[in-house]
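The values are calculated or read from the model by the stated rules, or taken from the named source; none is laboratory data. Fair warning: this is a prediction, and the values are worked out from it, not measured in the lab. Cβ coordinates were reconstructed from backbone atoms using ideal geometry, including for glycine residues, and neighbour counts include every protein chain displayed.
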Amino acid sequence: MPLSTQSQVADDQYVFVASLDNVRNLSNILKAIHFRDHALFSATPNGLKVTVEDSKCLQANAFIQAEIFQEYAIQEDSLSFGVNLTVLLDCLTIFGGSTVPGVTTALRMCYNGYGHPLTLFLEEGGVQTVCKINTQETEEPIDFEFCSTDVTNKVILQSDSLREAFSELDMTSEILQITMSPDKPYFRLSTFGNSGSAHYDYPKDSDMMELFQCKRTQANRYKMSLLKPSTKALALSCKVSVRTDTRGFLSLQYLVRNDDGQICFVEYYCCPDEEVDEEE
């Protein structure tokens, strides 16, 4: 790859460098959390975490392990910077995404610390371009205090089955109710839209259900407007973990396999709209 053969001397000026043979492995993951312009990039020796938030009610995180990159070097224990995600994605797809078999866009991403731009070197078919994106001030992301020890209920589903459920439910509904119970209906998704109530049930021994762990019956409602952005991650994923804690906060963890067969994770946290009485 031409980008990786550039003089390593130039890398000394950067505190962070990451290279990919196929930029789509990064752009697809970033598209899965692209529902607001501002994104927080946090880099450690283990990899990248990209966070997008909305109104302190929704948070999405993309986890891209260092092993995904052909080259990954960081000169500090950790660093963070804000970037306009819309601009970044426009740059990553500047070549339009080649449909020619075997032709991919290579990326070299460099950052020189606070106040400096994020520099992208992109190359496809011998054509190279350089993009510089201004970085922004960063604030600590919201801590949803979602702790595994407080998880009440958890199921792991094949993503196909959840996509099927969303296609059958009434998406004109303003809320999605998620019911998890040790007894029937076990795992139920409900909407209340223009066509009336609709329910989609999963038996706990369903072939689509890889894990079913429910300590107590819990029914919570979530604003559909907050959940709809997560369908981008659902479309890319092969498995999804659905967890709720004692407060009814929702965690959706998506396992995404990229073009090279490597695994990345996307996680959405969503606060409940209201808790439903068990009698209902």
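Go through Phe35, Phe41, Phe63, Phe95 for me and flag whichever is among the hydrophobic types (A, V, I, L, M, F, W, C), touching a residue at least 40 places away in the same chain (Cβ under 8 Å) and in contact with a Ser or Thr (Cβ under 8 Å, 6 or more places away or on another chain).
Unique residue meeting the criteria: Phe41.
Is region 239-247 home to any residue that is at pLDDT below 90 and among the hydrophobic types (A, V, I, L, M, F, W, C)?
no
Which of the following residues is touching a strand residue (DSSP E or B) at 6+ places or on another chain (Cβ under 6 Å), under 13 Å from Arg24 (Cα atoms) and not charged (D, E, K, R): Leu89, Leu122, Leu118?
Leu122
Residues Ala43, Ala66: which one is farther than 30 Å from Asp273 by Cβ, modelled with pLDDT of 95 or more and surrounded by fewer than 21 Cβ atoms within 10 Å (Cβ to Cβ)?
On inspection, the qualifying residue turns out to be Ala66.
Quick one: is Ser225 in a helix (DSSP H, G or I) and either surrounded by fewer than 16 Cβ atoms within 10 Å (Cβ to Cβ) or in the same structural domain as Thr246 (by TED's automatic domain parsing) (or both)?
Criteria met by Ser225.
With respect to Pro185, is the statement that it is under 24 Å from the mean Cα position of the chain (by Cα), surrounded by 17 or more Cβ atoms within 10 Å (Cβ to Cβ) and not assigned by TED's automatic domain parsing to the domain that holds Thr51 true?
no
Of all residues in region 144-170 being hydrophobic (A, V, I, L, M, F, W, C) and closer than 21 Å to Lys215 by Cα, which is surrounded by the fewest Cβ atoms within 10 Å (Cβ to Cβ)?
Cys147
In the set Gln262, Gln253, which member is polar (S, T, N, Q) and at pLDDT 90 or above?
After ruling out the rest, the residue left standing is Gln253.
I'd like to verify a number: residues in region 26-79 that are more than 15 Å from Val256 (Cα to Cα), part of a strand (DSSP E or B), of a type in the set (S, T, N, Q) and out of contact with any Leu (no Cβ under 6 Å at 6 or more places or on another chain), how many?
Looking only at that region, the number is 3.
Within the set of pairs 6+ apart or on separate chains, which have a first residue in region 232-246 that is in the same structural domain as Asp259 (by TED's automatic domain parsing), a second that is of a type in the set (Phe, Trp, Tyr) and assigned to a strand (DSSP E or B), and C-beta atoms under 6 Å apart?
Ala233/Tyr254; Ser237/Tyr254; Val240/Tyr254
Which ones in region 69-85 are touching a residue at least 40 places away in the same chain (Cβ under 8 Å) and among the small types (Gly, Ala, Ser)?
Ala73, Ser80, Gly82
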